[in-house]
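Presented below is the structure to which this report refers.
What follows is calculated from the coordinates using simple rules that are stated; it is not laboratory data. Keep in mind the model is a prediction, meaning the values are calculated, not measured. All Cβ positions, glycine included, derive from the backbone under ideal geometry; neighbour counts span all protein chains shown.
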Amino acid sequence: MVNLGFSIGDLRFKNPVLTASGTFGYGSEFDDFLDVSLLGGIILKGTTLEPREGNAYPRMAETPSGMLNSVGLQNKGIEFFEKNIYPRVSSYNTNVIVNINGNHIDDYVGLAERISRLDKIPAIELNISCPNVKMGGMAFGTNLGATRDVTRAVRAVYPKKLIVKLSPNVTDIVSFAQAAEEEGADSISLINTLLGMAIDTGSMKPALSTITGGLSGPAVKPVALRMVWQVARSVRIPVIGIGGIMNTRDAVEFFLAGASAVQIGTASFIDPGVSLKIVGGISDYLSSKGFSDIKEIIGIINRQGTGKS
């Protein structure tokens, strides 16, 4: 029997495969395709204090080896979540984690305080790729000071596990990861989507109503893998790898680079049951290589003397 479990502090996960926020809804949308409770955890779609309608259509576009989205955090707000979503997701026998978003630090703090009262939610994922209104729309996650400020503020009011999700749209990802760790993050997840755009040559207009959007899918995997490798060597807390993971082989690459867990995103749009297939695939891979525990391969390329970039 292969041990796939990992931990963030004293929070245990049965296996290292989670679903990425914004690609798995609230879990119940996938009940017809897989047993959600068999996953290591699910990251619910982004939640804000107040309801959001999201961006105007079109807000998704297919690109070579990936997709662009600018959904705009459409959701019905925390009150709706507490009354209608929480009772449903609390029945899952796995770790249910809420991704939180805001335009001000106070938004994040307010959300964290309310979610901390929900017994069946053991962690939050802090999405710092949102625009900081007080800083003229610059994302929290692309300004080192803002990253520190929002992480510190949430840590002060949130006693459970805090995962900080980093933006790749920076020049030095390590500095942002270290800042989040220093301000109290229990784990780092990366990467969020890369900023990109597409143009419809027929209409001669941008493919998205917002012109630019977040690029995800296989096209971003080499960038995500590089950033996970850099961060995993630079922090002491668990790193969760995200970006273009479509199958078992992709997931294993992230473990070898230093990730303790992975999130499956765009792949779920193509195959709704892929996350559970990857769980089984990881177990088969470890057995075939003679390993009995997932921890044996985490960051193995560094233990083999890989040089620095």
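For every other residue with a beta carbon closer than 13 angstrom to the beta carbon of Y285, add +1 if it is Lys or Arg and -1 if Asp or Glu, then tell me the sum. Neighbour charge sum, excluding Y285 itself: -2. Build a GNM of the chain with springs between Cα atoms under 10 Å apart, and of L11, L256, L38 the one that fluctuates most is L11. With R₀ set to 35 Å, the beta-carbon distance separating S37 from S234 gives a calculated FRET efficiency near 0.55.
Other residues with beta-carbon under 9 Å from the beta-carbon of G72 carry, at +1 per Lys or Arg and -1 per Asp or Glu, a net charge of +1. Neighbour counts of C-beta atoms inside 10 Å place R303, R226 in the sequence R303, R226, starting with the fewest.
Count the DSSP beta bridges whose two residues both fall in the stretch 164-309, then state the antiparallel fraction as a percent rounded to the nearest 5. Walk me through the numbers before you get to the answer.
Details: 6 of 14 bridges.
That works out to approximately 45 percent antiparallel.
Between E62 and S116, the modelled label-to-label distance comes to 4.6 nm, taking each label 7 Å out from Cα in the direction of the beta carbon.
Its DSSP H runs of at least 4 residues, each contributing -39,500 (n - 2.57), put the calculated 222 nm mean residue ellipticity of the chain at -8000 deg cm²/dmol, to the nearest 500. Going from the residue with the fewest nearby Cβ atoms within 10 Å to the one with the most, E253, E182 rank E182, E253. Legend: Rg and Dmax of the stretch 87-127, from Cα coordinates, 10.8, 33 Å. Ordered by the number of other Cβ atoms lying within 10 Å of each residue's own Cβ, fewest first, M1, M246, M227 fall into the sequence M1, M246, M227. Were the residues from S288 through L195 laid out at 0.36 nm apart, the gain over their Cα-Cα distance would be 29.7 nm.
The separation of the stretch 1-38 from the stretch 201-272, counted between C-alpha centres, amounts to 17 Å.
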